[in-house]
1. Would you check if there is a residue in region 156-163 being assigned to a strand (DSSP E or B), in the same structural domain as HIS106 (by TED's automatic domain parsing) and in contact with a Ser or Thr (Cβ under 9 Å, 6 or more places away or on another chain)?
2. With the checklist (1) in a helix (DSSP H, G or I); (2) touching a strand residue (DSSP E or B) at 6+ places or on another chain (Cβ under 9 Å); (3) farther than 21 Å from GLN102 by Cα; (4) of a type in the set (D, E, K, R) in hand, flag the one item LYS216 doesn't pass.
3. Only one residue in GLY128, GLY121 is within 17 Å of SER80 (Cβ to Cβ), in a loop (DSSP other than H, G, I, E, B), more than 7 Å from the ligand (Cβ to nearest atom) and at pLDDT 95 or above, so which one is that?
4. Restrict the check to region 34-48 and report whether at least one residue is farther than 21 Å from ASP3 by Cα, within 14 Å of the ligand (Cβ to nearest atom) and β-branched (Val, Ile, Thr).
5. Could you say which residue among ALA81, ALA68 is part of a helix (DSSP H, G or I) and in contact with a helix residue (DSSP H, G or I) (Cβ under 8 Å, 6 or more places away or on another chain)?
6. Quick check on region 164-176: of everything there that is assigned to a helix (DSSP H, G or I) and away from the ligand (no atom under 16 Å from the Cβ), which residue is farthest from ASN202 (Cα to Cα)?
7. Within region 174-196, can you find the residues that are in contact with a strand residue (DSSP E or B) (Cβ under 9 Å, 6 or more places away or on another chain) and touching a residue at least 24 places away in the same chain (Cβ under 8 Å)?
Amino acid sequence: MIDARIIQEAHEALFGFDQAGAVKIVQQAVARQDNLLDLLNQAFIPAINEIGEKFSMGEMFLPELIQAAEVMKKVTAEVSASLPKGSAAGQSHGTIVIGTVQGDIHDIGKTLVVTLLGVHGFTVHDLGRDIPTASFLAKARETNANLIGTSALLTTTMPKQKELEEALKEAGLKGKVKTMVGGAPVTQRWAERIGADAFGENAHEAARKALELVSK
Ligand code: B12
């Protein structure tokens, strides 16, 4: 459990757009050997989600959302840099192509998923954000990937995850290249509805589900 005082400090750093303060909170957690994923899940992610809520209610505005996102990016970069890389055996568990779907520029959560997949010993090709379906397919072919992961944060871009399933079917790759979907509005139900092989609620679960998929 993360201390209530630290949760409060993280809240203040995000709401105060205080990049240096936020990074210091992560560094202090590293020094104390706190669980950094707990720090994200219990302190920083609820705070950025609260900012998202305030934005949707018209209580905060886009420039503020952007500034808070910048703080969040620094936080996740600091966490990523502090986590160990690669599997203990030094062998790759499999190859994953990942990105945020076309029309969507949200990439903070996706980048966190990339980090955790790396920590769990996957070879990860991160295409970035606003990625067309055809590019996921092309990269999966080029790298002989086991899995494609897509992130969608907007209800309007979620259909791109369905488009990928259809494109894989058309290319005769459905089942050969497994798919994993995620992003705040995405659910297990959506994954089942579009025929994706897995859904991951958060970065930790993404890594666990990816391991399950490659061992099937
Ligand atoms: C930060 C933010 C932004 C930043 C993004 C910066 C960046 N580089 O990412 C900026 C300011 C640019 C932005 C822009 C916009 N945003 Co915005 N944004 C957010 C906010 C507040 C937080 C998102 C975030 O980073 N969360 C923290 C991370 C860690 O969580 P996460 O992304 O969910 O990821 C976790 C899991 O979902 C999962 N996961 C994620 N990806 C994947 C992938 C796989 C394969 C797996 C398995 C798991 C997985 O693991 C992650 C780690 O735990 C959300 C609020 C929310 N509730 O999501 C709104 C939100 C998503 N945005 C919203 C909107 C409307 C917009 C804009 C349209 C605003 C505008 N008017 O311009 C634009 C869209 C631009 C575009 N075309 O994409 C709405 C969407 C509403 C909807 N119904 O679709 C939200 C929900 C806010 C709200 N409540 O209204 N946004």
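The values are calculated or read from the model by the stated rules, or taken from the named source; none is laboratory data. If you're wondering where the values come from, they're calculated on a predicted model, not measured in any experiment. Cβ: placed from backbone, ideal geometry, glycine included. Neighbour counts: every protein chain shown.
1. First, pick out the residues of region 156-163 that are assigned to a strand (DSSP E or B): none.
Taking every residue of region 156-163 in turn, none turns out to be assigned to a strand (DSSP E or B), in the same structural domain as HIS106 (by TED's automatic domain parsing) and in contact with a Ser or Thr (Cβ under 9 Å, 6 or more places away or on another chain).
2. Exception for LYS216: condition (1).
3. Details: GLY121 fails: at pLDDT 95 or above.
Result of the check over GLY128, GLY121: GLY128.
4. Quick first cut of region 34-48, residues farther than 21 Å from ASP3 by Cα only: none.
So far as region 34-48 goes, no, none of its residues is farther than 21 Å from ASP3 by Cα, within 14 Å of the ligand (Cβ to nearest atom) and β-branched (Val, Ile, Thr).
5. On the way: ALA81 fails: in contact with a helix residue (DSSP H, G or I) (Cβ under 8 Å, 6 or more places away or on another chain).
None of the other options fit; the residue is ALA68.
6. To start, the set of residues in region 164-176 that are assigned to a helix (DSSP H, G or I) comprises 164-170.
If we keep only those that are away from the ligand (no atom under 16 Å from the Cβ) too, we end up with 166-167, 169-170.
Numbers: GLU166: 25, ALA167: 25, LYS169: 27, GLU170: 30 Å.
Taking the candidates together, the pick is GLU170.
7. The first filter runs over region 174-196 and keeps only residues in contact with a strand residue (DSSP E or B) (Cβ under 9 Å, 6 or more places away or on another chain), leaving 177-183, 186-192, 194-196.
Listed by number, the residues that qualify are VAL177, LYS178, THR179, MET180, VAL181, GLY182, GLY183, VAL186, TRP190, ILE194, GLY195, ALA196.
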